[in-house]
Structure formats: structure tokens, C-alpha cells
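Each reported figure results from applying straightforward, stated rules to the coordinates on display, with no laboratory input. A quick note: this is a predicted structure, and the numbers were derived from the prediction, not measured. Because the Cβ atoms are built from the backbone with ideal geometry, glycine has one as well, and the counts that use them run over all protein chains shown.
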Amino acid sequence: MDDLIDTKRGLQSASMFIDPHLYEVEMEKIFGRCWLFLTHESAIPNYGDFVTAKMGEDEVLVVRQEDGTVKAFLNVCRHRGARVCPVEAGNRRAFVCNYHGWSYAADGSLAAIPFEKELYGGKIDRCAHGLKEVAKVDSYRGFLFGNFDPGAISLEDYLGDVRWYLDIWMEASGGVELIGPPARSIVHCNWKAPTENFVGDAYHIGWTHASSLAASRSMFAPMSGNQMLPPAGAGAQIATRFGHGLGILYDVNPGVHTAQTAEKILAWQATKKDKIAEKYGELKARFYGSHLNGSLFPNVSYLWGTNTLKIWQPRGPSETEVWTWAMAEKDTPEDLKRDIYNGLHGSFGTAGYWEADDNDNMESASLLPTGWQSRKLRLNAQMGIGNDTVMDEMPGVIGQAAIGETSYRGYYRFYDEILKLPSWDAFDLNDEGWKQQLIDADR
Ligand code: UNU
Ligand code: FES
Ligand code: FE
């Protein structure tokens with residue numbers, strides 16, 4: 001595993017997409033210890049409201065408590081392990097297992113066992129058989145995350161510097177809402193393939209999406225077929241401490257939307273921009289009107305401007321279940337919200353034309369390395385090495401071009417670090433050395 005990731009040279013082993021042993025290590029060391037996206041607060045506003053979610057391959061129940069807090073539990077009965085709650089969302093005071101009828105309260109405690117006295121003679125320890133609780137649940141600006149590791153750093157620390165960028169769309173915009181339920185689909189790819197694409201691949205837009213661009217008449221359309229390279233100063237890429245990363249294309253927020261919807265979005269944003277500039281400064285106001293593509297480590301992706309939030313759920317090394325939400329600024333007028341919702345599901349939904357463009361690449365990049373010789377190849381993420389820097393006005397390591405692979409390198413640098421980390425106790429939050437590692441990469 002030692003030469004899996006070569007941060008110094010910006011290379012990754014192709015075996016990371018198919019190695020079944022590595023996959024198990026990822027489930028334990030990454031999905032067992034990182035903050036994983038669950039749902040949005042607004043999906044479960046009232047006591048007893050719940051949704052099911054996935055944390056890695058584990059299915060969890062996310063439940064609003066009587067005191068307003070949120071808890072999450074493995075959706076697994078403590079009797080014989082059957083699924084406790086078979087539906088995706090609803091409101092319950094009790095969750096009754098389908099198999100023998102053990103019943104759990106909203107706080108996960110085992111409330112009732114059919115014929116408890118007669119069949120167990122009062123000898124079963126009910127307190128020891130509550131639903132297994134997820135160690136930590138926390139919310140960032142309405143986005144709920146869970147963590148299986150009681151020793152994990154806080155969600156706030158884990159997001160760290162990327163919060164500066166998230167706040168553009170999570171806060172300065174007035175806040176966003178997810179329009180659920182999410183669309184779901186299966187892609188035959190490794191979970192990291194789409195995550196790395198969203199963390200920082202502006203390169204593929206003009207080529208992979210050439211015909212979608214031509215057909216959509218969107219703001220990105222001039223890139224169709226690589227007819228045009230975004231000029232100097234058209235964008236930037238950012239890597240932050242925990243593998244999070246994003247790309248910015250300046251001043252083209254509704255980049256993927258059709259010309260008609262884009263026009264409405266631009267008009268709507270123009271009414272808000274001055275106030276945002278006043279409160280958050282000119283730079284954030286510019287970013288508000290820009291297109292942001294990003295991933296949060298390990299497996300959440302977003303497109304601000306394309307109104308998308310996605311989670312890439314691993315189902316073995318070569319299969320991923322995708323959940324796609326439309327997201328919109330909370331205060332968007334209803335008719336525009338509907339246009340955005342339809343536009344998003346038509347482009348990046350399950351049967352979206354942009355999504356279909358991508359899936360072929362995700363699948364081939366993930367499945368070809370099953371070949372014994374192919375898996376020995378190194379994948380190349382060297383684009384822009386030598387141009388990475390730090391800046392006063394923007395946190396993280398900045399790649400100074402619209403197209404580059406800075407955030408790929410940042411993503412896999414942390415991937416490597418957490419696979420090797422014995423525990424969060426051994427982690428130094430104040431260590432800034434990671435920035436120099438990225439800046440010093442030299443092929
Ligand atoms: O999907 C992406 N990686 C992306 C989409 C990046 C930039 C703009 C739109
Ligand atoms: Fe990039 Fe083939 S050109 S994967
Ligand atoms: Fe794409």
C-alpha cells in the first residue's frame with residue numbers, strides 16, 4: 001500500500017479503484033472515522049421525523065428527538081439483525097422490527113418485546129439491546145453529518161477551511177434547501193471516481209460533455225468540443241486540509257442550465273448581490289455569482305450554480321449508489337425553483353444527459369484496472385504542478401487556473417494520510433505542513 005499514492009509526484013495507483021482488500025481498509029479507516037453526510041435538517045423538522053441514510057455500506061436511521069436534537073442509529077435489529085425500518089422517510093414514535101416485532105423508541109431504546117415475560121422470563125437485558133447509536137451527529141448550516149468514531153475531531157474542525165467556501169452557498173446566499181427525496185441510481189464504478197471528478201475536474205467539461213454543451217446553449221457552451229480554453233483568470237482550484245476541494249469558474253453561476261433558465265437565475269441573483277457584497281465582501285459576492293464544483297471528503301459532491309448535491313455511496317469496490325438532490329436558495333420564487341428542479345434532474349439526475357456523459361468514463365476508469373497489467377499503471381494528476389500557492393484572501397492551497405488538478409492532489413494527499421493515521425488522537429490539527437507538500441510537488 002506504500003506506493004498507492006505519490007503526493008510528491010501527483011500520481012495514484014490504478015489499483016485503488018478495484019483492490020478488494022484496500023476497499024475493506026477504506027470502509028474501516030475512512031468511512032469508520034470521517035464525517036459522512038446524512039440529510040438536511042429540513043427533511044426531519046418534527047419529533048419522530050426520520051429518514052434512512054447510508055454511512056458507507058451501513059444503513060442508518062436518522063431521527064428527530066423529542067428535545068429537538070438528532071440521533072442516528074444502525075437500522076439493524078438487535079435480535080436477529082433484520083432491518084428495523086423498511087421505509088425511507090416518515091414520522092414514527094416507535095420503530096417495530098418486521099421479523100419478530102421488537103420495538104424501539106425514537107431514542108433508539110428497546111421499548112417492547114412481544115411476550116417478553118412468557119418467552120424470556122424477564123431475563124433479557126433490554127438496556128443492552130437498544131439500537132446501536134452513531135457516535136456523533138452534528139449539523140453545519142442545516143447539513144447533518146454523522147461519525148462512527150467517538151474520538152473523531154469535531155465537524156467544524158473537520159470541515160475546517162472549506163467552510164469559508166461553503167458559506168458562500170450555505171450562508172451568504174441566504175441558505176439553501178435540498179428538494180427531496182433524492183433520485184437514486186447505480187453506477188458500476190468505484191466511489192472515488194465520481195468524487196475526484198467533482199472535486200476538481202473542469203478539464204473534462206468541454207470534451208466529455210461536448211454534445212450536451214452544444215445542445216444546451218448554456219453559459220458553458222463555448223467550451224463544447226474544446227473549441228475554447230477558459231482564459232487566464234477565468235477560475236481557480238482550491239484544496240483544503242481534509243481532502244476537501246473545489247473549483248471555481250468566475251461569473252458564470254448557472255453554467256449548465258439552459259439559456260432560458262440561466263437568464264432567470266442571473267436576474268434573480270442580481271437582486272441579492274449588493275446586499276451580499278455589503279455583508280460578506282466583494283470577493284464572496286463574486287463567488288456567489290460563480291460556478292463552484294466541489295467534493296467534501298470522502299464522498300459528497302456539489303455543484304453550486306448547477307443546483308446539485310450528490311452522495312456517492314460505496315457498494316463494493318466496483319459499484320456506487322448515487323443519490324442526487326436538487327438544491328436551491330431557500331428564498332427562490334416557486335416558479336424558478338421548479339425550473340431549477342427540472343433543469344437539474346434533466347442534466348445531473350439519474351437519466352440526466354450530463355450524468356449519462358460522465359457515467360461511461362466513471363465505469364471504464366473503475367473497471368479497466370481489474371486487468372492484471374492495467375492495475376499496475378499510475379494515474380496522473382499532475383496538471384498545474386508548480387502553480388500551486390497560498391493567498392491572503394482565500395484559504396487553502398490555490399491552483400491558479402480554471403483547469404488544473406490541484407484539488408485532486410489535495411484529495412488523495414489526505415486519503416493517503418487518513419489510511420495511515422492510527423487514530424484521531426495522533427492527528428495534529430495545527431499542522432500546516434500539508435500545504436507545503438502540495439506546493440512542493442514536482443513530478
Ligand atoms: O462535474 C464537474 N466536475 C463540473 C461540472 C465541473 C465544473 C463545472 C461543471
Ligand atoms: Fe483523460 Fe483519457 S484523456 S482519461
Ligand atoms: Fe461531468
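Cross-link reach is defined here as a Cα-Cα straight distance under 17 Å, omitting same-chain residues fewer than 8 places apart; for Lys284 the lysines meeting it are Lys272, Lys273, Lys275.
Test of understanding: in a Gaussian network model of the chain with alpha carbons linked when under 10 Å, which of Phe143, Phe427, Phe50 would top the mean-square fluctuation ranking? So, out of Phe143, Phe427, Phe50, the one fluctuating most is Phe427. Listed from fewest to most Cβ neighbours within 10 Å, the set Leu119, Leu144 follows the order Leu119, Leu144. Each residue of region 57-72 is assigned a 3J(HN,Hα), and the resulting list reads 8, 7, 8, 10, 9, 10, 10, 6, 8, 4, 8, x, 6, 10, 10, 10 Hz, derived from the Karplus form 6.51 cos²θ - 1.76 cosθ + 1.60 (θ = phi - 60°), x at Gly and Pro.
Amide H contacts of Gly404: Ala202, Tyr203, each under 5 Å away and 5 or more positions distant or on a separate chain (H built 1.01 Å from N in the peptide plane; Pro and chain starts excluded). Note on Ser154, Ser15: ascending count of other Cβ atoms within 10 Å places them as Ser154, Ser15, the fewest first. Charge dipole (Cα centre; +1 on Lys/Arg Cβ, -1 on Asp/Glu Cβ; no other charges) of the chain amounts to roughly 720 debye.
Here the Gaussian network model covers the chain, with springs between Cα atoms less than 10 Å apart; of His257, His204, His244, His204 fluctuates the most. Backbone phi angles across region 142-155, fed through the Karplus curve with coefficients 6.51, -1.76 and 1.60 (θ = phi - 60°), yield HN-Hα couplings of x, 8, 8, 10, x, 9, 6, 9, x, x, 5, 5, 5, 4 Hz in residue order; Gly and Pro are listed as x. Remark on Thr308: its backbone amide H falls under 5 Å from those of Leu303, Met327, a criterion applied only to residues 5 or more positions apart or on other chains, H modelled at 1.01 Å from N. Quick one: check the C-alpha center-to-center distance for region 313-362 versus region 24-45, whole angstrom. Centre-to-centre (Cα) distance: 20 Å. In the chain, taking the dipole from charged Cβ atoms about the Cα centre, the farthest positive-side position among Ala106, Ser423, His40 is held by Ala106. Which aspartates and glutamates, on any chain, are close to Lys330 with Cα under 16 Å apart, when same-chain ones fewer than 8 places away are left out? Leaving aside aspartates and glutamates fewer than 8 places away in the same chain, those within reach of Lys330 are Glu41, Asp167, Glu171, Glu177, Asp339. The lysine pair count for region 36-138, using Cα distances under 17 Å and pairs eight or more places apart or on different chains, is 5.
For His40, the residues 5 or more places off, or on other chains, whose built amide H falls under 5 Å of its own are Leu144. Computed as a quarter of the hull surface, the mean projected area of the alpha carbon convex hull for the chain stands at 22.3 nm².
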